[in-house]
Amino acid sequence: MKKLLMTGGLITALALAVFGATGGIPANFAGTWTLDKAKSQGLDQRMQNAESVTCVITQDDNTISIEWKIAGGQPQGGPGGGGGRGPAGPRTFNLDGKEVTSEGGGQMGGSNTMKATWSDTAKTLELSTVRTGSFNGNDFKATTTEKMSLSADGKVLTIVRHSESPRGAADSTLVFNK
């Protein structure tokens, strides 16, 4: 009986050590999220003027995929203008911390390099995207970093975004409700 208790205790201690080292179970951001313009800050003109902005997130143990749906408002043109916010389709990140590189489409060509990194507590996910290409014969580089976190009840998603492109730097805080 003593051996059984000791074995059970060791297994429990090992499990706690593993979860402690990784910060526990990672946050799950999956769902359909609607932008709360009143609580958000630094919205670009397209999001500010849009009838609605929805962020659809699918997530499993290995990947997270994010697709933005913006109804109304004027589309942004030029390098880095979409920033993953337009109808270009979902962006998919590996959740193991490895970079994913894909070819850029459309008239700008180039490539996208994306990486997801969990915080120490696995409650915040940082997504970084570097987009390179050429627009009207000029090479460009646009970077975006997004830190995603959930409220304690899981009903509010906050994305703190910093982006830099040939248009300059921009910071915003996007607040979404489920």
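The values are calculated or read from the model by the stated rules, or taken from the named source; none is laboratory data. All of these numbers come straight from a predicted model, not from anything done at the bench. Heads up, the Cβs are rebuilt from the backbone with ideal geometry, glycines too, and the neighbour counts pull from every protein chain shown.
Applying the set (1) buried (at least 16 other Cβ atoms within 10 Å of the Cβ); (2) modelled with pLDDT under 95; (3) touching a strand residue (DSSP E or B) at 6+ places or on another chain (Cβ under 6 Å) to PRO166 leaves exactly one unmet item: (1).
Only one of the listed residues (ASP120, ASP171) is of a type in the set (D, E, K, R) and outside any strand (DSSP E or B). That residue is ASP120. Filtering segment 154-178 to residues that are under 20 Å from SER52 (Cα atoms) and of a type in the set (S, T, N, Q) leaves THR158, SER172, THR173, ASN177. Scanning segment 121-144 for residues that are of a type in the set (S, T, N, Q) and surrounded by fewer than 16 Cβ atoms within 10 Å (Cβ to Cβ) turns up THR121, SER134, ASN136, ASN138. Number of residues in segment 137-154 that are within 21 Å of MET47 (Cβ to Cβ) and outside any strand (DSSP E or B): the value is 1.
When residues in segment 123-155 are screened for being within 14 Å of the chain's Cα centre (by Cα) and among the small types (Gly, Ala, Ser), 2 of them pass.
VAL160 - would you say it is over 12 Å from the mean Cα position of the chain (by Cα) and either within 15 Å of GLN59 (Cβ to Cβ) or at pLDDT 90 or above (or both)? Here the answer is no, as VAL160 does not meet what is asked. Looking across segment 60-118 at every residue that is in contact with a strand residue (DSSP E or B) (Cβ under 7 Å, 6 or more places away or on another chain), surrounded by 18 or more Cβ atoms within 10 Å (Cβ to Cβ) and at pLDDT below 60, the one that is farthest from SER134 (Cα to Cα) is identified as ARG85.
Restricting attention to segment 9-45, the residues being part of a helix (DSSP H, G or I) and at pLDDT 55 or above number 1.
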